[in-house]
1. So the label point goes 7 Å from the Cα of residue 52 along Cα→C-beta, right? Which residues of the stretch 1-32 then have their backbone N under 16 Å from it?
2. Pick out which of 147, 289, 208 has the largest mean-square fluctuation in a Gaussian network model of the chain, springs linking Cα atoms closer than 10 Å.
3. Which Rg and Dmax, in Å, describe the Cα atoms of the chain?
4. Please give, to one decimal in nm, the separation of the simple spin-label points placed at residue 322 and residue 299, each 7 Å out from Cα toward the Cβ.
5. What value in Å³ per residue do you get for the convex hull of the alpha-carbon atoms in the stretch 14-76?
6. If I take all pairs of Cα atoms in the stretch 203-355, what percentage of them are more than 25 Å from each other?
7. Output the direction-averaged projected area (hull surface divided by four) of the convex hull of the alpha-carbon atoms of the stretch 183-226, in nm².
8. Run the quick spin-label model on residue 253 and residue 234: label points 7 Å from Cα toward the beta carbon, then report their separation in nm to one decimal.
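Every number in this text was worked out from the coordinates using simple rules, so none of it is lab data. These figures come from a predicted structure and were not determined experimentally. Heads up, the Cβs are rebuilt from the backbone with ideal geometry, glycines too, and the neighbour counts pull from every protein chain shown.
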């Protein structure tokens, strides 16, 4: 069976790049796309702002402290969606197998493409050139035999870069990478791997599958495959977002009242991810795992969509008040999520209805 040819395309600093493209006075300036305010988070930062340490999902007040001369602009998502649609149309010239991840990135399966170009690398070059010439924007791309490797590759030479991981080189490429480069490996999982004397992807391959499963459950099997460059997930076109969530495990079990800071960080992360979606979530979910590994969830469905990170946080904290397992109960994990996505049919600053 021939290897698949997968491209991951990631627009460079998308929101801020659109702003700089449309206003020549912003070019070369540190642009931060965010609402001002103590509870606001950065939606995007130009590369000029990133030199000062400004990053997406960072509190806006922190960004302002790091880069006092930054130009703050409120996000204009209707404009970003329109540009994203134009980018998508370029993708579709080459293949119908396009799986959008957000407004600014997508997977493409070009194993058999519409243009008859034999090389996936050349397809990626052509797509990047068309984006530059037609939209005056830059994109980075990664080419590999599966989605996992293609996504790592697209980040390898950002911004405005192209990187290819050939099947014959995949293992050598993965071996020295830090375990944090693997999707799903956060700080807690990385620390647990370090406790097993594992710091690199190559070192994961020294652990038996059964031992990884003992330590990490179902994710152990995923680690086993990723460390070997295996990812059988197909590119799924037109798959609408069902949910967005983020969760993390505490280093030590905590009481319910001690989860505020974690819930805040997770709410900011989920809110930031939701801003890249063209569809709107109606349901907010809070997930907790007790010290005894029991799962507890609480949810709230709104008539109107959540309008800010502050509102999302408030609802998540309100859901926490509905958890009544006793004051002494301790928890090892907390998660915040959005689900029940719907297409907006009426959009204005004061009103947003659902289809």
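1. Once the point is set 7 Å along Cα→Cβ of residue 52, 16, 26-32 turn out to lie under 16 Å by backbone N, inside the stretch 1-32.
2. Most flexible of the set in this elastic network: 208.
3. 21.3, 65
4. According to this spin-label approximation, the distance is 1.0 nm.
5. Cα-based convex hull of the stretch 14-76, divided per residue, equals 66 Å³.
6. Above the 25 Å cut-off, the stretch 203-355 has 45 percent of its Cα pairs.
7. Numbers: hull surface 10.6 nm².
Hull-based average projected area comes out at 2.6 nm².
8. In this crude label model, residue 253 to residue 234 measures out at 4.3 nm.
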